[in-house]
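The values are calculated or read from the model by the stated rules, or taken from the named source; none is laboratory data. Treat the numbers as computed from the prediction; the structure is a model and nothing was measured. Using ideal geometry, Cβ is built from the backbone for each residue, glycine included, and neighbour counts are taken over all protein chains shown.
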Amino acid sequence: MITLDLIRDIASWLLFILGGAGVVVGAIGIVRFPDFYTRLHAAGITDTAGAELILLGMILQAPSWLVVAKLVFIGFFLFMTSPVSTHAIAHAAWVVGLRPMLGADLKREGDEP
Amino acid sequence: MVRTIVLAVALAGLWLLLSGYFDKPLLLGFGAASVILCVFLAHRAGVLDFEGVPTGLMPGVFIYWWWLFVEIGKANFIVARQAIAIEPKLSPKLLQVVSPTKTNAGLATFANSITLTPGTVTVDLEPGYMVVHALTEALADEPAIMDMGRRVAALENGGDA
Amino acid sequence: MMFAVATAAILVAMLLALVRAFAGPTLYDRVLAGNSFGTKTVILIGLMGYLTGRPDFLDISVLYALLNFASTIAILKFFRYRTLSISLEGPSADAPKFEERDVE
Amino acid sequence: MSLLAQLPVIPIIVPLVAAPLAVLMPAEKMGGRIPYIWTTLIAWTVFAACVAIFYSVATVGPISYHLGDWAPPIGIEYRIDLANALVLTLVSGIGALVFPFSYESIRSEIDPRQINLFYAALLICMVGLLGVTITGDAFNVFVFLEISSLSTYALVAMGANKDRRALTAAFNYLVMGTIGATFFVIGLGLLYQATGTLNMADVKFQLAGDNNRMVEAGFAFIIVGMGLKAAMFPMHLWMPNAYAYAPSAVSAFIAATSTKVAVYVIIRFIYTVIGADFDFASAAFAWLIAPLAIAGMFFASIVAIFQSDVKRMLAYSSVGQIGYMLFGVSFGTEQGLAASLVHLFNHGLMKGALFMAAAAVMLRVGSHACSGYAGLAKRMPLTAAAFIIAGLSLIGVPLTVGFISKWQLLSAAFDSGRPWAGFLIVASSFLAVIYIGRVIELMVLKPAPENAPPIKEAPLSMLIPMMILVAANIYFGLNTELTVDLAERAAHALMGAGR
Amino acid sequence: MTGAEIANAGLLIDLSLLTMLVLVAYVMVRSRQLFAIVMLSGIYSLLSAAFFVSLDAVDVAFTEAAVGAGVSTVLMLGAMLLTTRREKPIIAGRSPVAMLVAVLVGAALIYATLDMPAFGDAASPANSYMGEVYVERTAKEIAVPNIVTAVLASYRGFDTLGETMVIFTAGLGVILLLGAGSARGGREVSDVEDEDAKS
Amino acid sequence: MSIEHLILRVVIKIMFAPILLFALYVQFHGDYGPGGGFQAGVIFAVGFILHALIMGLDETKRVMPIGVLKWLMVIGFLFYAGTGVATMLLGGNLLGYDAIDPASTHHAGQHWGILLVEFGVGMAVASTMMMIFYHFAGREPEIRDEDW
Amino acid sequence: MDLVAFLAERYNYWIFIVLMMMGLYIVIARGNLIKKLIGLNVFQTSVFIYYISIGKITGGTAPIYVAGDMERWAHGAGHDAGHGEGAAHGADALPGKDPLGAGALHADETLQGDFELAGNDLSTLTGEAHGAPDTQAVHAAPSDGVNDLLAAPPLKIEDHASAVADAAHKAAEVVYSNPLPHVLILTAIVVGIATTAVGLALVVRIREAYGTIEEDELEAIDNVAEFGETHAKGAAA
């Protein structure tokens, strides 16, 4: 029993650290990246790797099946909605005419309105 | 009718998962009533169609998801490295992808999968193709994306056949 | 302890997202930051449940995830169509075209 | 369970149930009469219940009703003593008159499709005010205050069909009212933090004369918050426009009731909740309430003189009259309090009558401008007579209620050793002579404009309630037993609870 | 994990959330883009709701999230679509007055805090009197696990009746202001009762 | 059917029924965990708001007509007030739920009372919120472009 | 009590004050009507934070009974003894601690208060309300009806420093935060959203009628229109 708990703890530690790192790195990306479209990708890290890994870590530590079920539901919900939100924002910007920086030199091509 | 039953069963399962009270008949009764009400409203709202309840996709979707998780993990790593690199080497690129999928639900799944994978975001859907924004040249790997598309298409076939 | 570490990470990330929400420069950056902020809050609430020893209140997290989504969609319609009432099913041609680069 | 035991909730629960039902009634059938008759009947029922409560309180003693069968500090309590019974009767009485009164006026000012909603909102406004008055629970005051405020915002904005300034007036009212309500909530929070309870009487019991900074600040916040709602002098900015541009019937109702209720809440909190025997309370009387009351009495009356719109003039006069009430409270004596209560009641009667007359003029002449009142004594003699009598009452001419309340205030001032206060009251009454006299002069002495179309007297549905109110103005001016004696008893009970 | 650690973690969360709240509020004061402000007010709600969770007020957090981040954001967006999206420059001369009022109110409250019981004090009058009575009696008299629901719907059920009336009144007010029969710029408001929608 | 918003449409169609179910779950588990009528009503309304955002307001009005909402608003409130009146008729005070089932030692009356009033709150709040949304979203804007 | 502790015990309140001041400042200083409403929201939300801060108990948990704890409360505190026993229970769970600092403000008087209410249980309370001569029960005596109804239960003596969260699983030591402020704030939140909705509707109407929602411009338009003429709807739109 103790070993099982220990394994569980180690696994959650790992997941939390990975997930936490993902969340922070994603946030750093959101701040650092040069334009809106590149920031979208950084936000993607938080939404997928960060959030889901932490949720997984929490699932491992869950005291009851009910909590597991709810965490799975949240994970599923994020999994379904986060790409949609990302796409929605990106699409809105795209349609309005915000053009991405492209290429290694990060030039905007369609800079006219 | 099949969709109605599938939705009802799924909702009933969801209720039990959320509620966690299996021994209170009152709550179970409310659960049943709620499921019926939800199915009725869903029917009325016109979401009980091939898009809203994609029964066609369901059977193989879990295997696909597992594959997707791995892909997401890999992509995450690449993007994260750029985010914390002292000098990020970004070379964003737009590419047009022709989706191999046939159904709308499949197309949506494909587009979502692209967005979910960090480094690529579906920016626009047009009839016939979609516009994808990729963070670096390496991530704008069209064959890999098409591979994903084929997997989704395979899901559709598996379900419908 | 592990929950505290994860919480700390989330809090740091929230602060960073907030920086982007403040700085802009385009409105879409703000929306993106706001959306990302919402996701982090979802996780934070879950973690706080563990920290206080009562992880049974995850309903709040579910609700957050849901509302975050809903408001992002509303914002999309806000920008794209300038109305909340139009259907997204019809042809997109009737949408008012406006070209705007909202850079502060 | 007998009806009598449930009497205290009847005035609240009946309109609460009736208002949503009014929403469902057809608006346009029979010229909107269905919701009108329904809400009028309800208003009368409520009035009857309030009178019964008043009678019961006056003869037997205070009523305590436990909502949900939970004993007071745990549950919410309705606690009715003479002070609330008086205000209850005033509010429901005005309601019982305004509802039948409103029909013609509303039909000319409101879109026919909205009549049912309008009456529902008016009923909700009334129930909110009643709920504020009747309750013995501090937080319940806030809830019902917001019910009445929210409906008032919408009702005031309904005046936009005539004049779009109603919208900005309503918005300003909303902002100020919400700030006021939030201040009130902060004050409640402070009191709660100091005592751990929300029941008014229990707060006082827990405080037991104990004084600390939380209570002081809480007291200040409650006074300021309610002062905003009551249009106490420097916080009255929302009020003139709101009254001036609201639909006439709405002005008549809220002018006669809503600020009075807010003043009542101030009194209630000073005496029942905090207790006037705290040092800071008397300091507040001397340095905050009294100066503001005096400033209001003079400033608002002077501004009223220069108004060209009769409703605005009346609104400014209300600000001044609120000053009288608070001035009476600030004496800190039983007599001053009694005078305030009497004036609160009487002022409801006179302002109600004045605004009703203004509504009748609005219906026939189509304007609230002073110029429209020229020669009115010939054109609409009964309405003009009503206006004149109520106006004289506002000035404080003997044989009217206005005289009674001024007299009470004066004697309270002298008895409490403030002869200067008596002088101030008399002086500011002269200002009322000027602004009311101006309108009376217009009506009686000036001829009607030559191109004025001939107009009829106001319809009976308006005249009768107006006349009843005018008669009340005179009756309570002659028979002071009901008001003065009871107000003295009420004041005694309020002050007595303070010791 | 020891109690002290939990307390520290709690303090950390509290402080960082409060710091972010202040930051958001400050930027809201400064910013002039209405849209950004609406979005920030959504974030403000989320943050305060997270703060409520850390103060054990799960029901409140639930509601605040639903209302602040959900409904009111959507309503604000809807209203902005019907009005404007930008704020004009600040009116000169009002800020000092506003500052004065705000500082006065703040000073009064800070004065009050000097006598307040410590934050989190179980023996403060607020927490040891009625609050505790409810905790004790709910189990005996109502027997539902959620004490907040018990107090909300039974002990103080009448407040909640009022609350429902408030919401009803708000709906009524909005219908009166924006619904059929309300005046409007140039055109009549279309009669969007059911006939219209059913077609 | 335009393909431009396919992703949104598909996902929201999939999520619609679960959101409503979640709302009802919150409604009926208010006794056991956080939540209750008000929160449930808001979530329920959010479900329909999402529907309106994607499928268009007219379609949502077809699903949930304004006339029905008006009735639901009233009925929801009357559920609450009616419970109070019923307890009065049964011999208690207003909202004294013990009168519903006075004999019970397990507080059945309280349970029923709370359940009923919470249900009323949920119904009233959901319909009112939808009503408010309809009125904001359904009003035609007349906006000058420079304001935008 | 030293300064650091004093600060640490009140920082919540002070931050609430800062937030509230910012909200109030927005409401008064800004001319845009929508922004005013947002300011009102901030103002109200900060008040919510204040209330919730009042109800927090260090080491407490959300006021939802943990599994099994409800039965303990229901049976642990007997029917006859009422709160008296509840207090005794609290005292002997953690003996020998004094109520802390400022919190003991009312300790003396409440402990000396009379315990009539505390002794009542549900049956006597309802019995009183349901009793046969109803009117008599409902009409309390005019003057002294207050004090005997309202008596304070004794202060519960609780050591909050050692009540830790993992105790949540041991029912005997659970401390619940105060539910009452939560209830009040739930109501206040609803009032807040209702006000916001009506306010926004008004703003929409103002925009349609005046063509602007800036307060100074509105005032200017109104001042022009002040003399005599009443405006037809939408003249400026």
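Test D:Val329 against the criterion of being within 27 Å of D:Met466 (Cβ to Cβ) and touching a Gly at 6+ places or on another chain (Cβ under 8 Å), and give yes or no.
In short, no.
What do you reckon, is B:Val131 surrounded by fewer than 20 Cβ atoms within 10 Å (Cβ to Cβ), facing chain A (nearest Cβ under 8 Å) and not acidic (Asp, Glu)?
Here the answer is yes, as B:Val131 does meet what is asked.
Test G:His231 against the stated conditions and say whether it is assigned by TED's automatic domain parsing to the domain that holds G:Ile52, at pLDDT 85 or above and not hydroxyl-bearing (Ser, Thr, Tyr).
no
Among the residues of the stretch E:116-125, is any among the polar types (S, T, N, Q) and at pLDDT 85 or above?
Looking through the stretch E:116-125, none of the residues is among the polar types (S, T, N, Q) and at pLDDT 85 or above.
Kindly provide the set of residues from the stretch F:112-140 that are over 16 Å from the mean Cα position of the chain (by Cα), in a helix (DSSP H, G or I) and facing chain E (nearest Cβ under 7 Å), ordered by number.
Within the stretch F:112-140, F:Gly113, F:Ile114, F:His135, F:Phe136, F:Ala137, F:Gly138 qualify.
Inspect the stretch B:33-47 for any residue being of a type in the set (Phe, Trp, Tyr) and part of a loop (DSSP other than H, G, I, E, B) and give the result as yes or no.
No, because not a single residue in the stretch B:33-47 is of a type in the set (Phe, Trp, Tyr) and part of a loop (DSSP other than H, G, I, E, B).
Across the stretch D:6-33, what is the number of residues that are surrounded by 15 or more Cβ atoms within 10 Å (Cβ to Cβ) and free of Cβ contacts under 8 Å to residues at least 60 places away in the same chain?
So the count comes out to 7.
Might you let me know whether the stretch E:43-52 holds any residue that is buried (at least 24 other Cβ atoms within 10 Å of the Cβ) and in contact with a Lys or Arg (Cβ under 9 Å, 6 or more places away or on another chain)?
no
Does any residue of the stretch D:290-302 turn out to be farther than 30 Å from D:Gly95 by Cβ, hydrophobic (A, V, I, L, M, F, W, C), touching an Asp or Glu at 6+ places or on another chain (Cβ under 8 Å) and in contact (Cβ under 8 Å) with a residue 60 or more places away in the chain?
No, that holds for no residue.
Between a residue in the stretch D:207-218 that is more than 7 Å from chain E (Cβ to nearest Cβ) and any residue that is aromatic (Phe, Trp, Tyr), which pairs come within a Cβ distance under 6 Å, given they are 6 or more apart or on different chains?
D:Asn211/D:Phe278; D:Glu216/D:Phe280
If only one of D:Leu382, D:Leu392, D:Leu349 is assigned to a helix (DSSP H, G or I) and touching a Gly at 6+ places or on another chain (Cβ under 8 Å), which one is it?
The unique qualifying residue is D:Leu392.
Residue by residue through the stretch D:104-139, note down the ones that are closer than 23 Å to D:Tyr78 by Cα and over 20 Å from the mean Cα position of the chain (by Cα).
Selection gives D:Asp137, D:Phe139.
Quick check on C:Ile60: is it modelled with pLDDT of 85 or more and buried (at least 24 other Cβ atoms within 10 Å of the Cβ)?
Answer is yes for this residue.
If we only count helices (runs of 4 or more DSSP H) wholly inside the stretch E:29-95, which ones have 2 or more residues that are acidic (Asp, Glu), modelled with pLDDT of 85 or more and not assigned by TED's automatic domain parsing to the domain that holds E:Ala170?
Hits in the stretch E:29-95: E:58-64.
Can you tell me which residues in the stretch G:1-40 are basic (Lys, Arg) and more than 19 Å from the chain's Cα centre (by Cα)?
G:Arg30, G:Lys35, G:Lys36
Can you give me the number of residues within the stretch E:95-127 that are of a type in the set (Ser, Thr, Tyr) and over 27 Å from D:Met235 (Cβ atoms)?
1
On the basis of being touching a strand residue (DSSP E or B) at 6+ places or on another chain (Cβ under 9 Å) and more than 21 Å from D:Glu457 (Cα to Cα), does D:Ser318 make the cut?
No; evaluated as a whole, the condition is false for this residue.
With D:Phe345, D:Phe331 as the choices, which residue is among the hydrophobic types (A, V, I, L, M, F, W, C) and at pLDDT 90 or above?
Within the list D:Phe345, D:Phe331, the selection yields D:Phe345.
So which of B:Ala45, B:Ala83 is surrounded by 20 or more Cβ atoms within 10 Å (Cβ to Cβ), among the aliphatic types (A, V, I, L, M), facing chain A (nearest Cβ under 9 Å) and free of Cβ contacts under 8 Å to residues at least 12 places away in the same chain?
Going through B:Ala45, B:Ala83 in turn, the sole match is B:Ala83.
If you check F:Ala86 against the conditions, is it under 20 Å from D:Ile10 (Cβ atoms), of a type in the set (A, V, I, L, M) and more than 9 Å from chain D (Cβ to nearest Cβ)?
Yes; evaluated as a whole, the condition is true for this residue.
Can you tell me which residue within the stretch E:156-170, out of those that are at the interface with chain G (Cβ under 8 Å from one of its Cβ atoms) and over 18 Å from the mean Cα position of the chain (by Cα), is nearest to F:Ser127 (Cα to Cα)?
E:Thr169
Using the structure shown, decide if E:Gly68 is within 20 Å of D:Thr182 (Cα to Cα) and not acidic (Asp, Glu).
When the stated conditions are applied, E:Gly68 passes them.
Is it the case that the stretch B:136-147 has a residue that's more than 14 Å from chain A (Cβ to nearest Cβ), in contact with a Gly (Cβ under 8 Å, 6 or more places away or on another chain) and at pLDDT 80 or above?
No, every residue in the stretch B:136-147 fails to be more than 14 Å from chain A (Cβ to nearest Cβ), in contact with a Gly (Cβ under 8 Å, 6 or more places away or on another chain) and at pLDDT 80 or above.
Which of the following residues is under 21 Å from the mean Cα position of the chain (by Cα), part of a helix (DSSP H, G or I) and within 30 Å of D:Asp210 (Cβ to Cβ): D:Ala471, D:Ala491?
D:Ala491
Any idea which of G:Gly59, G:Gly39 is touching a His at 6+ places or on another chain (Cβ under 9 Å) and either at pLDDT 75 or above or assigned to a loop (DSSP other than H, G, I, E, B) (or both)?
Step by step, each of G:Gly59, G:Gly39 is checked, and only G:Gly59 is touching a His at 6+ places or on another chain (Cβ under 9 Å) and either at pLDDT 75 or above or assigned to a loop (DSSP other than H, G, I, E, B) (or both).
Output the residues belonging to the stretch A:58-68 that are more than 7 Å from every other protein chain (Cβ to nearest Cβ) and either within 18 Å of C:Met14 (Cβ to Cβ) or touching a residue at least 12 places away in the same chain (Cβ under 8 Å) (or both).
Those that are more than 7 Å from every other protein chain (Cβ to nearest Cβ) and either within 18 Å of C:Met14 (Cβ to Cβ) or touching a residue at least 12 places away in the same chain (Cβ under 8 Å) (or both): A:Ile59, A:Leu60.
Go through (1) modelled with pLDDT of 85 or more; (2) closer than 29 Å to A:Leu14 by Cβ for C:Gly53 and report which single condition fails.
(1)
In this structure, is A:Phe33 touching a helix residue (DSSP H, G or I) at 6+ places or on another chain (Cβ under 6 Å) and aromatic (Phe, Trp, Tyr)?
Yes: the conditions hold for A:Phe33.
If I ask for residues that are in a helix (DSSP H, G or I) and of a type in the set (Ser, Thr, Tyr), which ones from the stretch D:404-432 would you list?
Answer for the stretch D:404-432, where residues must be in a helix (DSSP H, G or I) and of a type in the set (Ser, Thr, Tyr): D:Ser405, D:Ser411, D:Ser428, D:Ser429.
If you check E:Leu104 against the conditions, is it buried (at least 24 other Cβ atoms within 10 Å of the Cβ) and more than 7 Å from every other protein chain (Cβ to nearest Cβ)?
So E:Leu104 fails the test.
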